[in-house]
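S.K.: Here it is: the structure, laid out below.
The values are calculated or read from the model by the stated rules, or taken from the named source; none is laboratory data. Computed from a predicted model, the values in this text were never measured in an experiment. Please note: Cβ atoms are built from the backbone with ideal geometry, for glycine as well, and neighbour counts cover all protein chains shown.
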Amino acid sequence: MITLLLVFATAFFVVLYSTPPLIKVAILKRLFDEPGGRKIHKRIVPTIGGVIIFAATLFSFSLWYKIDFGQLKDMEELISVNQYLTEFKLIVATSIVLFFVGIKDDIIGTAPIKKLVAHVLVGLILVLIGNVRITGLHGIFGVYELPYWASVFLSLFTYIVVVNAFNLIDGVDGLAGGVGFIAAASFAGWFIIANDYVYASLSVALAGALLGFLVFNFSPAKIFMGDSGSLTIGLLMCILCIKVIEYPAEKINNDLINISKPVFAIATLIYPLADTLRVFVVRATKGVSPFSADRNHLHHRLMDCGLGHLGTVIWVYVFSIFTIGISLLSYFLDPSVALLIVVGFTALCAVILQLIYRSKNPSKQTTIEFKE
């Protein structure tokens, strides 16, 4: 536990003390976003905060992560350590790819098709080389094991959706960072109870970096994380999500054994997943590209209801925490029923929000607003 505290504190203070100089450099080099158009901020804001999130997370995890080979008891533990090392190398390699794709997009822009190619490449590396994939649904709707081809397809689809989901919710001060912090802290708690201190350390490192970043990103934001941050966060969240789902049952603590791992993982990422699904459906019904920019996100609806930046993120935080709590009902319920409750609660909240939005904005219609 002391190591986890060191990991968290290191990531937090690296971000806390490195972000102000980064803001100054970004302004001097004109690496900022100007107000106007669809943008809801009223002044120039640097957009390269992902640089310090990426650096602090990997630095703190690498600094304190250690293996005492003298304490290994048998060949099984040695194989497990080798697996962790292989996965860590792939996490570093793939996060570097997405980080540079994101930083290029933050500075000069990147075509959506090129970003999609990068997502597919990263997903294939993790699924085919790292074998970090979803192998089954663990009893949801009666499905346990998946054929290899279905496992690869579902895992690749999951990578692309989750990574883009965090990118899409990065539209309000403190939203992506706060939702990411809640998710990382939840995964950290799960791994701690499961006695997996390697992935607990990675979760804690990300949580510390995001909490430090929120000091500068909370409304009114002094810096945005940009694509370099949201893509990196999405990648790490997806890996943590899959590692929770695929955690060996024989290694799970008795306190977690009856909690459905897929339901908990989905609930932890429910807001970005729900917002992405909703936006893509709206765009599809309008006959436009799912990658087109618009103001039909759930956080835009909350803003239009008069909540402002602060009110919007607080409501989303509360919703995220409450939904994670609901997922724990899977301890007592069938996993399929628990998942339906989580999804049903999310859908109900979205419907209520839409009704409130229409009552407060009777003259507005659901339209698609494109970037120029």
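S.K.: Give the residue that is modelled with the lowest pLDDT, with candidates limited to residues of the range 237-265 that are more than 26 Å from Ile160 (Cβ to Cβ) and touching a Phe, Trp or Tyr at 6+ places or on another chain (Cβ under 8 Å).
M.R.: Among those residues, the one meeting the criterion is Leu256.
S.K.: Within the bounds of the range 132-154, is there any residue that is crowded, with 23+ Cβ neighbours inside 10 Å and among the acidic types (Asp, Glu)?
M.R.: no
S.K.: Right, here's the next one. Among the residues of the range 298-349, count how many are under 21 Å from Val282 (Cα atoms), surrounded by fewer than 20 Cβ atoms within 10 Å (Cβ to Cβ) and in contact with a helix residue (DSSP H, G or I) (Cβ under 7 Å, 6 or more places away or on another chain).
M.R.: So the answer is 5.
Residues are listed down the side, and each one gets a yes or a no for (1) part of a helix (DSSP H, G or I); (2) hydrophobic (A, V, I, L, M, F, W, C):
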{"residue": "Leu121", "(1), (2)": "yes, yes"}
{"residue": "Ile160", "(1), (2)": "yes, yes"}
{"residue": "Asn164", "(1), (2)": "yes, no"}
{"residue": "Asp173", "(1), (2)": "no, no"}
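S.K.: Scan the range 217-239 residue by residue and report those that are within 16 Å of the chain's Cα centre (by Cα) and aromatic (Phe, Trp, Tyr).
M.R.: Result: Phe224, single match.
S.K.: For residues in the range 217-226 being outside any helix (DSSP H, G or I) and either touching a strand residue (DSSP E or B) at 6+ places or on another chain (Cβ under 8 Å) or at pLDDT 90 or above (or both), which is surrounded by the most Cβ atoms within 10 Å (Cβ to Cβ)?
M.R.: Of all residues in the range 217-226, those outside any helix (DSSP H, G or I) come to 218-225.
Subsequent filtering for residues that are either touching a strand residue (DSSP E or B) at 6+ places or on another chain (Cβ under 8 Å) or at pLDDT 90 or above (or both) retains 221-225.
Values: Ala221: 20, Lys222: 16, Ile223: 25, Phe224: 27, Met225: 31.
The extreme case among them is Met225.
S.K.: Can we say Val127 is part of a helix (DSSP H, G or I), among the aliphatic types (A, V, I, L, M) and either crowded, with 16+ Cβ neighbours inside 10 Å or at pLDDT below 90 (or both)?
M.R.: yes
S.K.: Condition first: surrounded by fewer than 16 Cβ atoms within 10 Å (Cβ to Cβ) and either among the acidic types (Asp, Glu) or closer than 20 Å to Leu31 by Cα (or both). Now tell me which residues in the range 108-120 satisfy that.
M.R.: Residues satisfying the conditions are Ile108, Gly109, Ala111.
S.K.: Okay, moving on. Starting from the range 331-354, keep only residues that are within 26 Å of Tyr144 (Cβ to Cβ) and in contact (Cβ under 8 Å) with a residue 24 or more places away in the chain, then list their pairs with residues that are of a type in the set (Phe, Trp, Tyr) and in a helix (DSSP H, G or I) whose Cβ atoms are within a distance under 8 Å, requiring at least 6 positions of separation or different chains.
M.R.: Between residues of the range 331-354 that are within 26 Å of Tyr144 (Cβ to Cβ) and in contact (Cβ under 8 Å) with a residue 24 or more places away in the chain and residues that are of a type in the set (Phe, Trp, Tyr) and in a helix (DSSP H, G or I), the close pairs are Ser336/Phe141.
S.K.: May I pose another question? Working carefully through the options Ala184, Ala194, Ala205, Ala200, find the one that is surrounded by 23 or more Cβ atoms within 10 Å (Cβ to Cβ), closer than 25 Å to Phe61 by Cα and modelled with pLDDT under 95. Steps first, please.
M.R.: Details: Ala184 fails: modelled with pLDDT under 95; Ala194 fails: surrounded by 23 or more Cβ atoms within 10 Å (Cβ to Cβ); Ala205 fails: modelled with pLDDT under 95.
One residue alone meets the criteria, Ala200.
S.K.: Now for a separate question. Of the residues Val172, Val179, which is buried (at least 16 other Cβ atoms within 10 Å of the Cβ) and under 15 Å from Gly234 (Cα atoms)?
M.R.: That would be Val179, the only listed residue that is buried (at least 16 other Cβ atoms within 10 Å of the Cβ) and under 15 Å from Gly234 (Cα atoms).
S.K.: Would you please list the contacts, defined by Cβ atoms under 8 Å and residues six or more apart or on different chains, that run from a residue in the range 158-169 that is in contact (Cβ under 8 Å) with a residue 12 or more places away in the chain to a residue that is part of a helix (DSSP H, G or I) and of a type in the set (Phe, Trp, Tyr)?
M.R.: That search, which allows pairs on different chains as well, returns Ile169/Tyr271.
S.K.: A further question on this structure: Looking at Leu214, Leu202, which one is under 14 Å from the mean Cα position of the chain (by Cα) and part of a helix (DSSP H, G or I)? Walk me through it before giving the result.
M.R.: Numbers: Leu214 fails: under 14 Å from the mean Cα position of the chain (by Cα).
Step by step, each of Leu214, Leu202 is checked, and only Leu202 is under 14 Å from the mean Cα position of the chain (by Cα) and part of a helix (DSSP H, G or I).
S.K.: Answer yes if at least one residue in the range 264-283 is farther than 30 Å from Phe99 by Cβ, out of contact with any Gly (no Cβ under 8 Å at 6 or more places or on another chain), in a loop (DSSP other than H, G, I, E, B) and touching a residue at least 24 places away in the same chain (Cβ under 8 Å), and no otherwise.
M.R.: no
S.K.: Go through (1) surrounded by 15 or more Cβ atoms within 10 Å (Cβ to Cβ); (2) part of a helix (DSSP H, G or I); (3) not basic (Lys, Arg) one by one and return the number of the condition Tyr247 breaks.
M.R.: Condition not satisfied by Tyr247: (2).
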